[in-house]
Structures are given as C-alpha cells and as structure tokens.
1. Output the number of the condition that Gly158 fails; it satisfies all remaining conditions of (1) of a type outside the set (A, V, I, L, M, F, W, C); (2) more than 16 Å from the ligand (Cβ to nearest atom); (3) crowded, with 22+ Cβ neighbours inside 10 Å.
2. Mind counting the residues in the range 210-222 that are over 19 Å from Val169 (Cβ atoms) and within 15 Å of the ligand (Cβ to nearest atom)?
3. Looking for whichever is within 15 Å of the ligand (Cβ to nearest atom) and either open to solvent by 20 Å² or more (accessible area, probe 1.4 Å) or outside any loop (DSSP other than H, G, I, E, B) (or both) here; the options are Val70, Val95. Which one fits?
4. Name the one entry in Arg187, Arg174, Arg201, Arg226 that is modelled with pLDDT under 95 and open to solvent by 20 Å² or more (accessible area, probe 1.4 Å).
5. For Asp17, all conditions in the list (1) open to solvent by 40 Å² or more (accessible area, probe 1.4 Å); (2) not in a helix (DSSP H, G or I) hold save one; what is the number of the exception?
6. Against the condition in contact with a strand residue (DSSP E or B) (Cβ under 9 Å, 6 or more places away or on another chain) and within 11 Å of the ligand (Cβ to nearest atom), how does Pro229 come out, does it pass?
7. Please verify whether the range 126-147 includes one or more residues that are touching a strand residue (DSSP E or B) at 6+ places or on another chain (Cβ under 6 Å), part of a helix (DSSP H, G or I), at pLDDT 95 or above and within 16 Å of the ligand (Cβ to nearest atom).
8. What's the number of the condition Leu243 fails, among (1) within 16 Å of the ligand (Cβ to nearest atom); (2) in a helix (DSSP H, G or I); (3) open to solvent by less than 40 Å² (accessible area, probe 1.4 Å)?
Amino acid sequence: MDKQTDIKRLSQAGLEDAMRDLEQPAWRVSSLVRWLYQRGVTSFAEMTDLPSAVRDALTERYTLSSPVVVGRQASADGTRKYLVRFADGVTVETVGLPSGGRLTVCFSTQAGCAMGCAFCATGQGGLVRNLSCGEMADQVAVVAKDFGERVTNAVAMGQGEPFANYDAVLAALRFMNAKDGLGIGARHITVSTCGVLSGIRRFAKEPEQFTLAVSLHSAVQPTRDRLMPGVHGYRLRDLRDALADYAESTGRRPTLEYALVAGVNDSPKELNALVEWCTGLPCHVNLIPVNPVDGTGVERPDDEASLRFRHVLMRSGIESSIRVERGVDIDAACGQLRQRS
Ligand code: SF4
C-alpha cells in the first residue's frame, strides 16, 4: 500500500474498497465520508466514532490532505473569491456567491486549463494538473465554512474543463450530493463544459439529475473555433445532436452560455446563426457580457447588444437571460486572481 495515497483521491467506491480491506462494515463508509467532507477533519485521529484500530490503519495507509486558503477577496455585493492551495503547492480559485437565501459555489476542476478560450486568463496559462475529487469537494467546504452557511448550489464553472477530468469530477459531484457529504441537491449541481461530446453523452447516462451547461459562445463555426480553440475539432452540428439527445434522454434542458465579445460574436449575423441553431432545441441561453481580461484583447460590448440578443431570442421562442454580474470589483473573470498572486 502506497503511504502517499491521499484518501481524498478516492471516490465513494474507492472508500468502500478501503473499508472492505480493513474488514469494516459498509455503514462505516458513511461515517468516513461525513468526517472527510462534512466535518472537514485534518487527521484520522479525529474520527472518533471509528474504532481506534481503524483510525490507526487509515493513518498507516493514507495521507489526509486539507486545502489552505491563501487569498481571499470580498466584493461589495457579497461575492467572495478564494485562492485555495493544495498539498503540492498548486493553487486554484473558488468563488462563493450569496443571493436571495442561496449560496452558490463556483469551483475549479483543474489547475489551469488546456482549452485556451480567447477571453479567459486561465486559458492563457495552460494546464497544470487535474484536481482530485476531494480537492473539488473541499473547495465547496471551504466556502461553506467561511460563510458559516450550508452551500445550496455548486457549479463546475471555475478553472478547467470538467469533462477532461470526468471520473474525478463525477466522484466529486457525488460527495457534494451525498447526504453524508455536502448535501447539495443533484439538480442544484451544474457542470459547465466547452462541449466535449464524449463527456456530454456520458453525462446523459448518469443516474443523478445533475444539470448541464455548455459554453457555446458562437453558432458560427469559424468564430467558435477562434474563441474556443480547445474544441475546434468538434462540429457545431454534432454538438447540437449531442445536446438534443441529452435533452431527450434526461428530460432536462441544457443551458447554453454565450459570452458576448464586442466585434466578435455580437453581430446580427451571429445572432441569426444563434437563433437558427437553437430553434427546436430545448435549451436556455445565458448571455454574459464578457469582462475585459488583461492580455486577451477582448472587449465588452455595450449593454444594447445583450438586450438586442435577448429580445430576438425571446421573440423566436428561445428562453434566455442576461447574467447579472457579480464580483466585478474583485476581478470575477476566471483566472485573474491566480494570475495576480
Ligand atoms: S473559459 Fe473555462 S474552459 Fe475556457 S480556457 Fe477558461 S477555464 Fe478553460
């Protein structure tokens, strides 16, 4: 047994195997999950309802890592942004957004990101590594602890492409959803992908009612390829097919994220293409006037562009909304906190 294995790398099934190896009954796994993710203990010795021989054996076999908050910014609107450091020194950012009795956490699924989206600071720096399931669930726990409240919603919309780290992401979502874990309803847990088709097709088959958001950003292939070079190999028609199948098999409507970038995807031609692409597809379009990010050259369109897009989409029978900006005064665009540290 490798002493260096961090127990927070293990999925629910991995924890079950670990306890089986120790000849422990299955119900003790719930207890272990509770200590790890609900109570956030930092040592096995604190798991007082486990027999001392089990605690000793776990200490012998596994490490138990805990993240450290090394940066914290609070916005005037209540949003808090954290820079979280893991055991190997790698950092990611996590955001807590309180609103109307809800507390939403935007967590990262990878340190850095290989997708290279044109409007994203994280994408400019490349991928550092995948996060483990525990490193994702711990980001949610960090925010819950700082706010002193239960987290009601979680979105995999921080750094990284979730479906490039599929197994660990699913394991993390399950710890977030578990009643012994963070207790967040499955419908309140969202994965946001650039549109990795294999991931969308796999996600459609998961038994939980997790929700799906897809970064579309343009329904014109060359524009989308330019904005999102990491998925330039995927054709828009194939993405639409995958989403139609997802909606049909799950009965759930994916959200399409559309970051409006001045002079790039805010023209009438782009709007027409978007309407055509969405027509007949059960979906909700979330329009996001992009925040300018140093070094990316992208510019925010005027407010009129978002209103025009929303008006035309609604008139065409396509549900849409304009994302309310949060945390603008603390650099809410992804990647900025990490870059400035
Ligand atoms: S927007 Fe998301 S997927 Fe794109 S580069 Fe940034 S972190 Fe990666």
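The values are calculated or read from the model by the stated rules, or taken from the named source; none is laboratory data. Predicted model only: the values in this text are computed from it and were never measured. Note: ideal-geometry Cβ built from the backbone for every residue, glycine included; neighbour counts use all protein chains shown. SASA here: full protein model, heavy atoms, side chains in, ligands and nucleic acids out. Shrake-Rupley method; radii C 1.70, N 1.55, O 1.52, S 1.80 Å.
1. (2)
2. 3
3. None of the others qualify; the one that does is Val95.
4. Unique residue meeting the criteria: Arg226.
5. (2)
6. When the stated conditions are applied, Pro229 does not pass them.
7. Yes, the range 126-147 contains at least one residue that is touching a strand residue (DSSP E or B) at 6+ places or on another chain (Cβ under 6 Å), part of a helix (DSSP H, G or I), at pLDDT 95 or above and within 16 Å of the ligand (Cβ to nearest atom).
8. Single failed check for Leu243: (1).
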